[in-house]
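Here the structure comes first, spelled out in structure tokens, and everything after it is commentary.
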């Protein structure tokens with residue numbers, strides 16, 4: 001142990017004697033470790049953000065969308081955007097699911113679109129979330145002030161709306177919006193409530209720049225359609241989600257008169273499947289980007305080998321003197337290998353500090369969410385140590401095999 005500590009001390013003395021050269025040698029390791037840790041922290045942050053966003057919508061959710069997303073989108077008609085499967089879901093489908101399903105708390109149809117909202121001389125483009133009265137519980141809409149629209153409002157296609165905080169800020173300012181008349185694509189709507197702020201989602205979209213209205217109002221008075229974009233159902237419990245998903249599929253196949261063997265004209269996915277799919281996408285992104293960043297570590301390792309070979313040449317006479325006074329080959333090998341590892345680990349630590357700093361800046365000043373965990377730090381530091389060992393072996397062996405007599409003669 002004493003011999004090892006002495007080697008570490010000599011290694012730091014050697015590096016401090018050539019500070020600029022040592023820093024430039026470590027730069028590849030610093031950038032490589034920093035990039036790997038930063039990219040993995042962004043990936044983990046994206047996963048947590050996706051999970052949080054999905055959970056914010058509600059719990060135990062099952063989402064039904066039009067069209068069969070498991071099949072390849074082929075054919076001339078699909079290329080032209082004339083696929084009729086996009087119109088395969090209706091309000092009646094949602095009502096049928098709620099009526100016949102035994103493992104659900106409820107189901108709500110939805111139309112997602114955009115529109116221009118206007119109050120007096122101010123206007124802004126907003127997201128429109130149109131649904132039934134069930135949306136308050138199933139979509140996890142939380143009313144800040146006022147009330148949510150009722151079953152009667154949906155049945156009568158009432159021109160009522162609840163607005164998000166961003167909409168309030170843009171067109172109302174300090175004016176109390178409750179009871180005021182706004183225009184949505186030129187149609188008058190009475191503001192009956194406001195929605196609690198939700199912030200941005202994992203894609204940077206402002207969830208508070210939204211207005212929710214009864215789905216029948218959207219169909220009949222805004223868009224002139226009889227279909228919906230999706231149906232969201234809520235299972236009784238998380239354990240029942242698999243059976244509830246199958247139950248919904250069975251009900252819709254019967255309602256759509258689909259024969260055995262005929263493909264669904266809809267897609268059913270539960271919350272767990274959505275999280276898994278999104279998690280897989282972010283994992284692929286993280287691994288790919290981190291692997292590319294890892295190339296910088298290899299470049300840094302080559303830099304270490306190069307500088308250690310130069311160091312062996314510069315210190316040939318020193319090696320001869322040490323061997324002449326009794327140093328063994330393994331002592332010389334240990335010394336140069338230690339210097340290589342110290343160079344690599346020091347660069348790794350500086351890279352981690354760099355990555356943490358970048359992650360904090362991204363968290364503070366951008367829409368990206370980052371999550372620093374111990375795993376990428378340990379992984380990157382371990383890899384940088386291995387790089388130092390691997391690329392330091394050849395220079396160290398070359399130094400240890402020098403003939404002491406020839407080394408002493410070296411000028």
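The values are calculated or read from the model by the stated rules, or taken from the named source; none is laboratory data. Keep in mind that this is a model prediction, so the values were computed, not measured. Here the Cβ is made from the backbone with ideal geometry for all residues, glycine too, and neighbour counts use every protein chain on show.
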Task: Checklist (1) closer than 17 Å to residue 209 by Cα; (2) surrounded by fewer than 20 Cβ atoms within 10 Å (Cβ to Cβ); (3) in contact (Cβ under 8 Å) with a residue 12 or more places away in the chain applied to residue 169, failing item - done: (3)
TODO: Determine whether residue 329 is assigned by TED's automatic domain parsing to the domain that holds residue 386 and within 14 Å of residue 26 (Cα to Cα).
DONE: no
Open item on the list: Given the options 158, 152, 127, name the one that is under 32 Å from the mean Cα position of the chain (by Cα) and closer than 22 Å to residue 107 by Cβ.
Closed with: 127
Open item on the list: I'm trying to understand the selection: among the residues of segment 216-234, which are crowded, with 21+ Cβ neighbours inside 10 Å and touching a strand residue (DSSP E or B) at 6+ places or on another chain (Cβ under 6 Å)?
Closed with: 218, 228, 231, 232, 233, 234
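Hey, among 304, 295, which residue is under 30 Å from residue 42 (Cα atoms), assigned by TED's automatic domain parsing to the domain that holds residue 22 and surrounded by 20 or more Cβ atoms within 10 Å (Cβ to Cβ)?
304
Considering only residues of segment 185-207 that are touching a helix residue (DSSP H, G or I) at 6+ places or on another chain (Cβ under 7 Å) and at pLDDT 90 or above, which is surrounded by the fewest Cβ atoms within 10 Å (Cβ to Cβ)?
187
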